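After the structure tokens below, expect a handful of questions from me.
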Amino acid sequence: LRSPAAAPDRLPFSRITQEDLDFFRKILAGRVITDPDLLESSNVDWLKYCNSRNLAVNPQGGNTGLVGGSVPVYDEIILSTALMNNILTFDSISGILTCQAGCVLENLSHYLEEKDYIMPLDLGAKGSCHIGGNVATNAGGLRLLRYGSLHGTVLGLEVVLGDGQVLDCLATLRKDNTGYDLKQLFIGSEGTLGVITAVSILCPRKPKSVNVVFLGCETFEQLLKTFQLCRGMLGEILSAYEFLDSECMRLLNTHLKLPNPISDCPFYVVIETSGSDPKHDGEKLHNFLEEAMTSSLVTDGTVATEDSKIKALWSMRERVTEALTHDGFTYKYDISLPVEQIYQLVTDMREHLGDRAKSVVGYGHVGDGNLHLNVVSPAKDPALLAAIEPFVYEWTTRCHGSISAEHGLGLKKRNYIYYSKPSQAVALMGNIKAMLDPKGILNPYKTLPDNLK
Ligand code: FAD
Ligand code: MLT
Ligand code: ZN
């Protein structure tokens, strides 16, 4: 029996006797454990232990993060949430789901679909990423345009702090203005402020009618005009407006053997509508497509209403990341910009790098003003990297953009934080980190810059 230092006085509970053990063994045959070695892991409060031993901890979900945040830099202990995968509650009136942090996003989606609900976020990594990882990175994804960010849909969190304290903010209320909204601090904190162990999240109803359209445009300007037109004509049923350029299409064809569903164009758009009335949605979509075609904003297109074709069209956008990994070593940039400027960065980067890069591609979440700029080289190439950075960050800052729209800073981008945040803000982040994790054991070398002491 342990008597931890600073433990409160024992309350007058009975002591376990041999009779008690016999009783439990009778009702739980073979499942009563008394062997001290076997019980060791259940008795140790691991974060309290790590804090007292000054051991560094790297929280890990599905390990799909793209900025080097989910893997140790030296010998940090990997704390995986993979076994914390239980759904705790679901309220079918409010649509509020509560679950452990290690639930895989796609499993949550399947669970909800049977109950006529969906998750408010969706991303290409859905088969592997965990909801805890999604919250820790404040993942954006393909539906943010419609359902907003996790800062709005996450209603509560349970978090274990660096010293082992459990912070129970697992509320399931839509409105709660009692003091500071502490859970917001952990959304997007990339495992540096606490370990998220449970999440409650507000889920939308499953739409009764979903359509996906794949369109081709001659210029990025036409793609933006098409966006404006579709916002006006599709209104409340628009749930995604995503793009990829012809270089992405070439990589999808070459490496994944995915054929172009329409004729070759410089730019492609995936539009999704989600609504409650197939006839109403179909009419709106038809009118929009007619207008886009007759005004020559769009060159070619195809529409999907049934599941398998919807999936196939979405693959053209969701699998760009995978196609890139087959092309060579990829330098990835995840930039927020005023929407009119997002493709200019790709054009300027191509011109700036000339034939030093194997490919320079652009794709992303147009509806959110979020460009994914990727530069591929046959192998890791420090000279190429020196040509890309700080060029890309300076370009972004000139346009008042953000150097990380949705992937976070992790290990790879942490030292560039000052391009997007003033030094007072970064210093305040350092103070918050020091207050919540005074020994700095949680995900060291991540998110905050090296020069912050
Ligand atoms: P991990 O990769 O394991 O961890 C990411 C970070 O969160 C690390 O810093 C880790 O320490 C921390 N962390 C993980 N779990 C916890 C926890 N329980 N408590 C505290 N900290 C924790 N991102 C987008 O935003 N939008 C996209 O559209 C998108 N699409 C993607 C598509 C593909 C094909 C891939 C490979 C990645 C994509 N990503 C996208 C990036 C990534 O999937 C997301 O960032 C995802 O949310 C990470 O979840 P994860 O469980 O894999 O976390
Ligand atoms: C995406 O939108 O596809 C993701 O954020 C992944 C990536 O940037 O490659
Ligand atoms: Zn993305």
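How would you order 297-304, 117-124 from highest to lowest mean count of nearby Cβ atoms within 10 Å?
117-124, 297-304
Ok, one more. If you project the alpha carbons of the stretch 297-453 onto the principal axes, what extent comes out on each, in Å, largest first?
The Cα atoms of the stretch 297-453 stretch 56, 39, 30 Å along their principal axes.
Okay, next question. Calculated from DSSP H runs of 4 or more alone, at -39500 (n - 2.57) each and per residue, what is the 222 nm mean residue ellipticity of the chain, nearest 500?
-10000 deg cm²/dmol
With both partners inside the chain, how many of the DSSP beta bridges are antiparallel, as a percent to the nearest 5?
90 percent
Amide H neighbours of Leu258 under 5 Å, at least 5 residues apart or on other chains, H built in the peptide plane: list them.
When sequence neighbours closer than 5 places are left aside, the close amide H contacts are Asn253.
Same structure, new question: Kindly express, to the nearest 10 degrees and within the range 0 to 90, the angle between helix 18-27's C-alpha long axis and the longest C-alpha principal axis of the chain.
Approximately 40 degrees, to the nearest 10.
Compute the relative contact order of the chain as a whole-number percentage, counting only Cα pairs closer than 8 Å that sit 6 or more residues apart in sequence.
Once normalised by length, the contact order is 17 percent.
Angle check, please: helix 423-436 long axis (alpha carbons) against the longest principal axis of the chain (alpha carbons), in degrees 0 to 90, nearest 10.
Taking Cα atoms only, the helix is inclined about 30 degrees.
Next up: Would you calculate the volume per residue, in Å³, of the smallest convex hull containing every Cα atom of the chain?
In the chain, the Cα convex hull volume per residue is 190 Å³.
Which whole-Hz couplings ³J(HN,Hα) result when phi for each residue of the stretch 375-388 is put into the Karplus expression 6.51 cos²θ - 1.76 cosθ + 1.60, θ = phi - 60°, listed in order with x for Gly and Pro?
10, 10, 9, x, 8, 3, 9, x, 5, 5, 4, 5, 7, 7
Could you pull out every residue, at least 5 positions away or on a different chain, whose amide H is within less than 5 Å of the one on Ala240? Hs are placed 1.01 Å off N in the peptide plane, and Pro or chain starts have none.
The answer is Glu272.
I would also like to ask the following. Treating the angle as unsigned and between 0 and 90°, give the value, to the nearest 10°, between the Cα long axis of helix 220-234 and the longest Cα principal axis of the chain.
70 degrees
Taking amide H atoms as placed 1.01 Å from N in the peptide plane, list the residues 5 or more away in sequence, or in a different chain, whose amide H sits under 5 Å from that of Ile96.
Hits under the 5 Å cutoff: Asp91, Cys203.
Grab the eigenvalues of the alpha-carbon gyration tensor for the stretch 209-320, scale each by 5, take roots, and send me the semi-axes largest first in whole angstrom.
Over the Cα atoms of the stretch 209-320, the semi-axes work out to 22, 17, 10 Å.
Are there trypsin sites (Lys or Arg not before Pro) in the stretch 8-101 that DSSP marks as loop and that have at most 14 other Cβ atoms within 10 Å, and which are they?
Of the trypsin sites (Lys or Arg not before Pro), the ones in loops of the stretch 8-101 whose Cβ has at most 14 other Cβ atoms within 10 Å are Arg10, Arg15, Arg31.
With an 8 Å Cα cut-off and a minimum separation of 6 or more residues, compute the relative contact order for the stretch 33-135 in percent.
After rounding, I find 23 percent.
In addition: Toward the positive end of the charge dipole of the stretch 331-438, about the Cα centre and with charges on Cβ (Lys, Arg +1; Asp, Glu -1), which of Tyr393, Gln424, Gly354 goes farthest?
Result: Gln424, furthest along the dipole toward the positive end.
Where the Cα atoms of the stretch 247-372 are projected onto their three principal axes, how long is each span, largest first, in whole Å?
That gives 51, 32, 25 Å along the principal axes, largest extent first.
Just check the stretch 80-202 against the gyration tensor rule for me: Cα atoms, a ≥ b ≥ c as the square roots of the eigenvalues, rounded for a/c under 1.5, and otherwise prolate or oblate depending on whether a/b exceeds b/c.
rounded
Work out the length of the dipole vector of the stretch 80-202 about its Cα centre, built from +1 on the beta-carbon of each Lys and Arg and -1 on the beta-carbon of each Asp and Glu, and round it to the nearest 20 debye.
It works out to roughly 260 debye.
Where a number appears in this text, it was derived from the coordinates with a stated rule and is not lab data. This structure is a prediction, so every number in the text was calculated from the model and none was measured. Reconstructed Cβ throughout: ideal geometry from the backbone, glycine too, with neighbour counts over all protein chains shown.
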